[in-house]
Amino acid sequence: MKQSWLYETGAFVPAMLVCAISFGAACAFGAECGDRALGTNCVYPPEVFVHAGKGGRVIDVTQPPYNAKGDGVADDTSALVGAYSFVADLVRKHGIHDTRASYIIYLPNGTYLVSDTIIYSGEQVDYAGVHPGYEGMAGTRFIGQSREQTIVKLKDSCPGFGPGANKPIFQYAKSKFNNAETKSTFRNITIDVGSGNPGAIGLDFNGANGNLVENIAIVSRDGQGAIGLHSRVDPTQAYYSDILIDGFDYGVSVDPFHAHFQALEHITLRNQRVAGIRLISGCAAVRKLFFEGAVPAIQQTTPAAYSILLDSELNGQGGQQALDIQAGEFFARNVDVGGYASAIAVAGKSVSKDSHIAEYSKSPPIAPFSAAPEKETSLNLPILDMPVFEWPSDTSQWANVDEYGAVGDGKTDDSEAVQKAFDSGKPAVCFPKRAYLIGKTVSVPPTVRRVNMMYSSLKGPDFAFAVNQDSDAPLLFEDGVDIPKLCSHEKLRTVCFKHIASSGALYHNFNTSGEPTVFVTACNSFGKPSNPIVRLKAYCRLINTEFKLGPNYIVDNATLWVMGYKVESYRENYVVKNGGKLELFGGIANQTPWPKKVPPGEDHHPIIEIVDGSVSASLHTTGHKKQEKGYTNIVIDKQGNESRTLTWEALPKRTGGDQPHSFILPLYVSKRP
């Protein structure tokens, strides 16, 4: 069943144009595809805003000194740029890791008319302390009240957005290389490129490690425009969900080579004129895509590219090929195709006309323990979506820890006050100031459903929170930075983590009486040897761990499903043992920086080690043009008394980039007997 809502371009249009835009679809195989139209009404408690004068860090762009009107008549470009520049100046002053520069730019409901790109003013923010000359902008966070009524509209036939301009409305970097750990987000906003703007790009988004774009629409009223969502800056790893893009030449374009991976889920694309998703040298995993149009849903153009498509529906309306794989590697599973002459074309030749793609891998599966490896398939594990948590728009349902006595100076022990806030009976808890010291672990009662850290830092000697009471109600931790140890999981309650940068340990499972379920989305520091993935089911979207002294993700008698990851290390990315199961759909084994001298006896480490476990995995690598070294062993697979080793020479190379040791692992399959 399709869902729909009415998108109004705004009363300022002389003859109001109202377009019916539908969302989602029930795919033939039974899973809902496409954007879910979450209907989020993001209203923050009044005391967390900067203008309230209580130390909060949410910038309301309609308040002084920015004074955006949001009436669809006044030009609000300078107001939005002003708020953006305020944050950029703090990053320049304090650096990317200092929470004095950690703010949220908030757009209440309204139509914000703009006439130029929304980008911070002045010279490029420089990553001076680490990589001088590189872009160093971080912590760019635009969050709207609701995407249905928070609309940023480009003026019709706006100067500078003509044919070939390729000019963004929102832009997250001025350069082409940003190596800062950005922790950026863009949520609950509709970008309307108006009409008569064929060179417009809706959102030019980037960021290394863990970034989140959620619940947005990017629309063109006359079908014109260059790109809806552009990923053009190296290196970028981001998770995108619940997005509608209508119109444009390309709905999504994933361009660069280095350390570039995008995970997209619950995406609706329609009315593109060249392709729904274009991959040039970047790589992506896409799940629950709903596509309508007469052009390819995915177009892949170079040997460096790799894409994965899962659980999706493609409606061709008379198109030639649904999936145009001109070069590179490609994998698809559970994809319904209709209205095309061909389902999959490789290098211009049709290889499938099936209306349902059960499973397809461009390169044959690698399965060294199988008698017929070319017939092997992925593990096809059940996939669970993270629960959808309704935003408490009634602000009386929020417990602000400051109102229970927390000081929020990063020095005073606030654990007693925070515990009082958690025990208040309110379902949501927030942390408005920039830093809190949690000297004693806070117990999370079943009444609490949402913990929003508002991009503050929570530091202390132990885990900040303990989930130590059983509950059938899922719990969400979200929006945190610089958190050494976040969550101790002691009872059988489903726990979810979203957009959190932990500097030490995101999570540890202490359950002994059962197998809990956890969801991890756009987060750092899940795993490491001190926090193995043991006796649990974990569903991860875009995880980033960079432990260099041992394995990063140890799957021990547990189930781990991953769509997108990055590891920077010469050590194992994954160790799967004791009946553990890993299904990995894409990500980066980043070989930069590779040690000039790998310690003696340590040069054998593979990307994946299997010891009596089951794995299906796809991934790729990147490195640096000045670096000739990288992984030699890719998979070391031990089943019982037998062992197999896969080396990098046997794999397709990622040509066209700046590092000769880059390659793709298309599909490796090992199933425990």
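The values are calculated or read from the model by the stated rules, or taken from the named source; none is laboratory data. Computed from a prediction, not measured in an experiment: that's the story for all the values here. As a convention, Cβ positions derive from the backbone with ideal geometry for all residues, glycine included, and neighbour counts pool all protein chains shown.
Candidates 543, 588: the one that is in contact with a His (Cβ under 7 Å, 6 or more places away or on another chain) and within 20 Å of residue 211 (Cβ to Cβ) is 588. Residues that are without any contact (Cβ under 8 Å) to a residue 40 or more places away in the chain and of a type in the set (A, V, I, L, M, F, W, C) within the range 409-447 comprise 417, 418, 421, 422, 428, 429, 431, 437, 438, 442, 444, listed in sequence order. Put simply, of 68, 83, 74 the only residue that is modelled with pLDDT of 95 or more, surrounded by fewer than 17 Cβ atoms within 10 Å (Cβ to Cβ) and small (Gly, Ala, Ser) is 74. For the range 246-291, the set of residues classified as acidic (Asp, Glu) and within 15 Å of residue 228 (Cβ to Cβ) consists of 246, 249, 255, listed by residue number.
A count restricted to the range 450-486 and to residues that are of a type in the set (D, E, K, R), assigned to a strand (DSSP E or B) and more than 22 Å from residue 388 (Cβ to Cβ) stands at 3. In a residue-by-residue description of the range 372-382, the property of being over 30 Å from residue 330 (Cα atoms), of a type in the set (A, V, I, L, M) and surrounded by fewer than 21 Cβ atoms within 10 Å (Cβ to Cβ) applies to no position. Being closer than 24 Å to residue 586 by Cβ, in a loop (DSSP other than H, G, I, E, B) and among the charged types (D, E, K, R) is a property that does not hold for residue 324. For the range 618-626, indicate whether the set of residues that are more than 27 Å from residue 360 (Cβ to Cβ), touching a residue at least 40 places away in the same chain (Cβ under 8 Å) and buried (at least 23 other Cβ atoms within 10 Å of the Cβ) is non-empty. Looking through the range 618-626, none of the residues is more than 27 Å from residue 360 (Cβ to Cβ), touching a residue at least 40 places away in the same chain (Cβ under 8 Å) and buried (at least 23 other Cβ atoms within 10 Å of the Cβ). Among residues of the range 544-566 being in contact (Cβ under 8 Å) with a residue 24 or more places away in the chain and among the β-branched types (Val, Ile, Thr), the one that is nearest to residue 310 (Cα to Cα) is 562.
Give the range 56-85 a look and list any residue that's assigned to a loop (DSSP other than H, G, I, E, B) and out of contact with any strand residue (DSSP E or B) (no Cβ under 9 Å at 6 or more places or on another chain), or say none. Spell out the reasoning first.
To start, the set of residues in the range 56-85 that are assigned to a loop (DSSP other than H, G, I, E, B) comprises 56-57, 61-70, 76.
If the condition is that a residue be assigned to a loop (DSSP other than H, G, I, E, B) and out of contact with any strand residue (DSSP E or B) (no Cβ under 9 Å at 6 or more places or on another chain), then 64, 65, 67 are the ones that fit.
Filter the range 263-286 for residues that are more than 15 Å from residue 242 (Cα to Cα) and of a type in the set (S, T, N, Q); which is surrounded by the fewest Cβ atoms within 10 Å (Cβ to Cβ)? Ranking the qualifying residues of the range 263-286, first place goes to 271. Could you tell me whether any residue of the range 20-35 is at pLDDT 95 or above and surrounded by 14 or more Cβ atoms within 10 Å (Cβ to Cβ)? Within the range 20-35, one or more residues are at pLDDT 95 or above and surrounded by 14 or more Cβ atoms within 10 Å (Cβ to Cβ).
Does at least one position in the range 246-253 carry a residue that is touching a residue at least 40 places away in the same chain (Cβ under 8 Å) and not in a strand (DSSP E or B)? Yes, some residue in the range 246-253 is touching a residue at least 40 places away in the same chain (Cβ under 8 Å) and not in a strand (DSSP E or B). Exactly one residue among 494, 447, 512 is in contact with a Gly (Cβ under 9 Å, 6 or more places away or on another chain) and surrounded by fewer than 22 Cβ atoms within 10 Å (Cβ to Cβ), and that residue is 447. Report yes if residue 113 is within 27 Å of residue 214 (Cβ to Cβ), out of contact with any helix residue (DSSP H, G or I) (no Cβ under 9 Å at 6 or more places or on another chain) and crowded, with 22+ Cβ neighbours inside 10 Å, otherwise no. When the stated conditions are applied, residue 113 does not pass them. Looking only at the range 259-272, decide whether some residue is of a type outside the set (D, E, K, R), assigned to a loop (DSSP other than H, G, I, E, B) and over 21 Å from residue 168 (Cβ atoms). Yes, some residue in the range 259-272 is of a type outside the set (D, E, K, R), assigned to a loop (DSSP other than H, G, I, E, B) and over 21 Å from residue 168 (Cβ atoms).
Set side by side, the residues 588, 607, 634 differ, and just one is crowded, with 23+ Cβ neighbours inside 10 Å, in contact with a Lys or Arg (Cβ under 6 Å, 6 or more places away or on another chain) and hydrophobic (A, V, I, L, M, F, W, C), which is 588. The single condition from (1) in contact (Cβ under 8 Å) with a residue 60 or more places away in the chain; (2) surrounded by fewer than 16 Cβ atoms within 10 Å (Cβ to Cβ); (3) farther than 21 Å from residue 374 by Cβ that residue 659 fails is (2). Checking 545, 622, 632 one by one, the residue that is modelled with pLDDT under 95, among the hydroxyl-bearing types (Ser, Thr, Tyr) and within 24 Å of residue 504 (Cβ to Cβ) is 545 and no other. Tally time: how many residues in the range 396-444 are surrounded by 23 or more Cβ atoms within 10 Å (Cβ to Cβ) and either farther than 23 Å from residue 52 by Cα or at pLDDT below 95 (or both)? Total satisfying the criteria: 3.
Could you count how many residues in the range 343-382 are in a loop (DSSP other than H, G, I, E, B) and polar (S, T, N, Q)? Working first, answer last.
Going residue by residue through the range 343-382, those that are in a loop (DSSP other than H, G, I, E, B) are 347-348, 353-355, 362-365, 367-372, 376-382.
Now narrow it down to the ones that are polar (S, T, N, Q): 355, 363, 370, 377-378, 380.
Final tally of qualifying residues: 6.
Of all residues in the range 208-245, those satisfying the criterion of being over 23 Å from residue 137 (Cβ atoms) and not in a strand (DSSP E or B) are 220, 221, 222, 223, 224, 225.
Any idea which of 336, 385 is modelled with pLDDT of 95 or more, in contact with a His (Cβ under 6 Å, 6 or more places away or on another chain) and within 24 Å of residue 287 (Cβ to Cβ)? Let's see the steps before the verdict.
Values: 385 fails: in contact with a His (Cβ under 6 Å, 6 or more places away or on another chain).
That would be 336, the only listed residue that is modelled with pLDDT of 95 or more, in contact with a His (Cβ under 6 Å, 6 or more places away or on another chain) and within 24 Å of residue 287 (Cβ to Cβ).
Here the condition is being closer than 21 Å to residue 42 by Cα, out of contact with any Cys (no Cβ under 8 Å at 6 or more places or on another chain) and touching a residue at least 12 places away in the same chain (Cβ under 8 Å); of 140, 99, 77, 117, it holds for 140 alone.
Each row is one residue, and each column tells you yes or no for (1) of a type in the set (Gly, Ala, Ser); (2) farther than 20 Å from residue 45 by Cβ.
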site: 402; (1), (2): no, no
site: 411; (1), (2): no, yes
site: 425; (1), (2): yes, no
site: 461; (1), (2): no, yes
site: 466; (1), (2): yes, yes
site: 473; (1), (2): yes, yes
site: 476; (1), (2): no, no
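In the set 598, 615, 669, only one residue is free of Cβ contacts under 8 Å to residues at least 40 places away in the same chain, at negative phi and among the aliphatic types (A, V, I, L, M); that residue is 598. Inside the range 46-55, residues that are touching a residue at least 40 places away in the same chain (Cβ under 8 Å) and either in a helix (DSSP H, G or I) or out of contact with any Asp or Glu (no Cβ under 9 Å at 6 or more places or on another chain) (or both) make up a count of 4.
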